[in-house]
1. So how much slack lies between residue 56 and residue 102, counting 0.36 nm per residue of separation and subtracting their Cα-Cα distance, in nm?
2. Please tell me the relative contact order of the stretch 67-182 in percent, rounded to the nearest whole number, where contacts are Cα pairs under 8 Å and at least six residues apart.
3. Give me 70, 172 sorted ascending by neighbouring Cβ count inside 10 Å, so fewest comes first.
4. Can you put 158, 44 in order of Cβ neighbours within 10 angstrom, beginning with the fewest?
5. Between residue 49 and residue 77, what FRET efficiency comes out of the Förster formula 1/(1 + (r/R0)^6) with R0 = 45 Å and r the beta carbon distance, rounded to 0.05?
6. Rounded, prolate or oblate: which fits the stretch 193-254, taking a ≥ b ≥ c as square roots of the Cα gyration tensor eigenvalues, rounded meaning a/c under 1.5, else prolate when a/b beats b/c?
7. At a 10 angstrom cut-off on C-beta neighbours, averaged per residue, how do the peptides 226-239, 126-139 rank from highest to lowest?
8. Starting from the 7 Å offset along Cα-to-Cβ, what nm value, one decimal, do you get for the label separation of residue 250 and residue 224?
């Protein structure tokens with residue numbers, strides 16, 4: 001072998017060794033460097049790193065971005081032994097890659113299999129924590145939450161799951177919430193019927209109270225209306241009486257001034273009251289009304 005070929009070979013081996021000794025970790029990942037299955041180094045910052053070439057050192061990478069886990073529906077019991085169906089969701093991410101590797105990834109199968117194992121364990125923790133939290137509350141207290149600002153799940157649920165997941169799996173649990181909270185299918189109809197009956201009872205009570213108040217308002221309005229009408233009729237009667245008194249006084253004065261003319265005017269008023277257009281009346285020639293038609297007043 002010529003010196004040139006040997007140099008080329010050595011150079012190639014050196015470049016290959018350097019390439020095998022360099023690895024990168026991007027911002028979305030964390031990594032663990034292992035040597036024959038044992039953890040040697042944990043890498044949590046992105047960058048370019050050096051290792052002993054394979055097979056002595058291996059680099060196991062995990063996605064450290066937040067992930068959403070939807071936990072299958074589960075039944076839990078309230079403090080008063082009522083069944084509820086909960087469907088939680090969890091937001092989590094890998095925070096301690098070495099512990100994560102030892103807890104779930106060392107079983108083999110790659111990152112996807114490790115993630116599945118971790119999610120199974122997180123799901124069990126969440127269901128157990130929710131069951132413990134709901135077991136401290138009554139059924140009506142849980143389903144009676146009316147405000148969106150009121151937490152259905154006790155704060156201890158997220159805190160407890162986060163502590164367990166961190167110490168056992170090397171993951172950080174960011175949030176535990178409920179996607180669904182309801183009743184088991186076999187209990188829904190009877191519960192809904194009781195709730196409907198209770199709402200109907202409350203509605204009937206409110207309606208009866210409203211009708212009672214309406215009746216009181218109407219009675220008060222009728223009383224005031226009757227008082228106003230009576231007062232108006234009283235004033236009208238007083239005005240009529242005063243007017244009739246004034247009229248009678250005028251009649252008396254007129255009679256005193258000229259009795260004949262007064263009687264003539266009274267007869268004309270009688271004609272005005274008796275006669276309409278087209279009225280035919282038959283009078284006795286001796287009648288006072290007949291005299292007023294043919295004789296002028298004296």
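1. On the way: separation 46, 0.36 × 46 = 16.56 nm, distance 1.85 nm.
Once the chain is fully extended between residue 56 and residue 102, it gains 14.7 nm.
2. Values: 178 pairs, mean separation 46.3, N = 116.
Relative CO of the stretch 67-182 lands at 40 percent.
3. Numbers: 70 12, 172 16.
Result, fewest neighbours first: 70, 172.
4. On the way: 158 20, 44 15.
Placing the least packed residue first, the sequence is 44, 158.
5. Working: r = 51 Å, r/R0 = 1.13.
About 0.30, to the nearest 0.05.
6. On the way: a/c = 16.25, a/b = 10.55, b/c = 1.54.
Note, shape of the stretch 193-254 comes out prolate.
7. On the way: 226-239: 10.0, 126-139: 18.6.
Highest-to-lowest ranking by the protection proxy: 126-139, 226-239.
8. 3.9
Any read-out appearing in this document is the output of simple, stated calculations on the displayed coordinates, not a laboratory observation. Every value quoted in this text rests on a predicted model; they were computed, and no experiment measured them. Neighbour counts run over all protein chains shown; Cβ positions are idealised from the backbone, glycine included.
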